Amino acid sequence: MRRTLTALIIALLAISLSGCGAGTNAATRNTNQVTDGVEAAITADGIKIKLVNILVVATTEGAGVLVGTIVNSMPDEDALLGIAINGQVATVTGSNSLMQNKPIIFEGPSTNAKAVVATLGATAGQNVQVTMFFARAGEVNVKAIIRDQRDTYAGITA
């Protein structure tokens, strides 16, 4: 009887200490997005382009500046043809060539491109549609949040 009780206690401790007894709402099962930016991927027809941490910063002048990264994982080169933010065509400057594992980075210390709309037409906290057009991959749409020009985004200008 004592061995059975000891085995039962060990089994109960193993289940409770391993987290199996936490149920379907355990904190480790409920992961959240760690950044404000959204992510998307184009993976059809052998194309692997990923959009990472895409968001828009609203400047004090009312312009919208794109923040984020685009990465092509395939050996075939693609090109970013254009960007629309909240239904408006953005002015894109800098790199538009998407070679394998050589990202296009909008804003930040490693920036190599910039995309700006002169009049955003929305305010911080709202979501707007961002559409990116590629030569081979076609287009991708995401709903990106608008952040204001403070904290991490204080130095972003149009």
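The values are calculated or read from the model by the stated rules, or taken from the named source; none is laboratory data. Source: prediction; values computed, not measured. Cβ atoms come from the backbone with ideal geometry, glycine included; neighbour counts cover every protein chain shown.
Taking residues in segment 127-151 that are closer than 19 Å to VAL117 by Cβ, and partners anywhere that are surrounded by fewer than 15 Cβ atoms within 10 Å (Cβ to Cβ) and acidic (Asp, Glu), the pairs with Cβ atoms closer than 6 Å and at least 6 places apart or on different chains are THR131/GLU139; PHE133/GLU139.
When restricted to residues that are over 16 Å from VAL71 (Cα atoms) and either outside the structural domain of VAL92 (by TED's automatic domain parsing) or not in a loop (DSSP other than H, G, I, E, B) (or both), segment 124-139 contains 4.
Checked against (1) surrounded by fewer than 19 Cβ atoms within 10 Å (Cβ to Cβ); (2) not in a loop (DSSP other than H, G, I, E, B), GLY121 meets all criteria but (2). Restricting THR131, THR111 to residues that are surrounded by fewer than 19 Cβ atoms within 10 Å (Cβ to Cβ), in contact with an Asp or Glu (Cβ under 8 Å, 6 or more places away or on another chain) and within 24 Å of GLU61 (Cβ to Cβ) narrows the list to THR131.
Restricting segment 100-125 to residues that are closer than 22 Å to LYS143 by Cβ and among the polar types (S, T, N, Q), the residue that is nearest to the chain's Cα centre (by Cα) is THR123. Counting only strands (runs of 3 or more DSSP E) that fall entirely inside segment 34-99 and contain at least 3 residues that are out of contact with any Cys (no Cβ under 8 Å at 6 or more places or on another chain) and under 19 Å from GLU139 (Cβ atoms), the qualifying elements are 38-42, 49-58, 64-72, 78-85.
Evaluate segment 107-117: report whether one residue or more is part of a strand (DSSP E or B), under 19 Å from THR35 (Cβ atoms), of a type in the set (D, E, K, R) and at pLDDT 95 or above. The answer is no, given that none of the residues of segment 107-117 is part of a strand (DSSP E or B), under 19 Å from THR35 (Cβ atoms), of a type in the set (D, E, K, R) and at pLDDT 95 or above.
With respect to the conditions (1) surrounded by 18 or more Cβ atoms within 10 Å (Cβ to Cβ); (2) within 22 Å of ILE146 (Cα to Cα); (3) at pLDDT below 95; (4) not small (Gly, Ala, Ser), ILE42 lacks only one, and its number is (2).
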